[in-house]
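Enquirer: This structure is in structure tokens; I'll ask about it shortly.
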Amino acid sequence: MSDWVNVAREGDIPPGSFRVADVDGASIVVFNIGGGYYAIEDVCTHDGGQLTGGHVEGDVIVCPRHGARFCIRTGEALSAPAYEPTATFPVRVEEGEIQVRDTRWD
Ligand code: FES
């Protein structure tokens, strides 16, 4: 089972913002949406583009390359040209540290 990895201290990702972390070689982005933390892979399933840098509208991020939209809460691809979801990851807060785990290696 993979380990939990510290991404930021609680309070370092205020609502409406995000932080990108390298987790065992994967680029994972943790968002704070209305006080809840959500983690997705920072990869667009259309052509492998980086999602961060795209516009965030509520709980949706728009890929800056060709405009595919993804739900930050579920990873679901909401519009073409992406059809496959991007990976999601569990997030927890332990002793003030926001942590994520790459469960794909379990
Ligand atoms: S790489 Fe994201 S829409 Fe094309």
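Only the coordinates and a few stated rules stand behind these numbers; no lab work does. Treat the numbers as computed from the prediction; the structure is a model and nothing was measured. Cβ placement follows ideal geometry from the backbone for every residue including glycine, while neighbour counts extend to all protein chains displayed.
Enquirer: Which whole-Hz couplings ³J(HN,Hα) result when phi for each residue of the range 42-55 is put into the Karplus expression 6.51 cos²θ - 1.76 cosθ + 1.60, θ = phi - 60°, listed in order with x for Gly and Pro?
Expert: Ordered by residue, 3J(HN,Hα) equals 7, 9, 7, 7, 6, 9, x, x, 6, 7, 5, x, x, 6 Hz.
Enquirer: Also, I was wondering about something else. Within the range 39-106, which GluC sites (Glu not before Pro) sit in a loop by DSSP and count at most 16 neighbouring Cβ atoms inside 10 Å?
Expert: Passing sites in the range 39-106 are GLU76, GLU95.
Enquirer: To continue, here is another question. Averaging sequence separations of C-alpha pairs under 8 Å and six or more residues apart, then dividing by the length of the chain, give the relative contact order as a whole percent.
Expert: Relative contact order here is 28 percent.
Enquirer: As an exercise, take the mean of 1/r over every pair of distinct alpha carbons in the range 38-83, invert it, and state the Kirkwood radius in angstroms.
Expert: Roughly 10.0 Å, rounded to one decimal.
Enquirer: Roughly speaking, what % of Cα-Cα pairs in the range 2-106 are separated by over 24 Å, rounded to a whole number?
Expert: Tail fraction, whole percent: 17.
Enquirer: State the cysteines of the chain left without a partner when partners are defined as other cysteines whose beta carbon lies under 4.7 Å away.
Expert: By the Cβ distance rule, which asks for a partner under 4.7 Å, the isolated cysteines are CYS71.
Enquirer: So what's the Cα pair-distance distribution over the range 1-45, bin width 5 Å, in %?
Expert: Result returned by the calculation: 5, 22, 31, 23, 13, 5, 0.
Enquirer: Applying the Karplus parametrisation 6.51 cos²θ - 1.76 cosθ + 1.60 with θ = phi - 60° to the phi angles of the range 8-23, what ³J(HN,Hα) value in whole Hz is obtained for each residue in order, glycine and proline being reported as x?
Expert: Listing the rounded values in order: 6, 7, 4, x, 7, 10, x, x, x, 10, 8, 9, 9, 9, 8, 10 Hz.
Enquirer: Another question, if that's okay. Within the range 43-106, which chymotrypsin sites (Phe, Trp or Tyr not before Pro) sit in a loop by DSSP and count at most 13 neighbouring Cβ atoms inside 10 Å?
Expert: TYR83
Enquirer: Let me ask something else about it. If the chain between VAL56 and VAL20 were fully stretched, how many nm would it gain, using 0.36 nm times the residue separation less the Cα-Cα distance?
Expert: 11.5 nm
Enquirer: Another one. Would you kindly state how much longer the chain becomes between ASP106 and LEU78 on full extension, computed as 0.36 nm times their sequence separation minus their alpha carbon distance, in nm to one decimal?
Expert: So the extension gain works out to 7.3 nm.
Enquirer: With the radius of gyration and the Kirkwood radius both derived from the Cα set of the range 67-106, what is their ratio Rg to Rh?
Expert: 1.12
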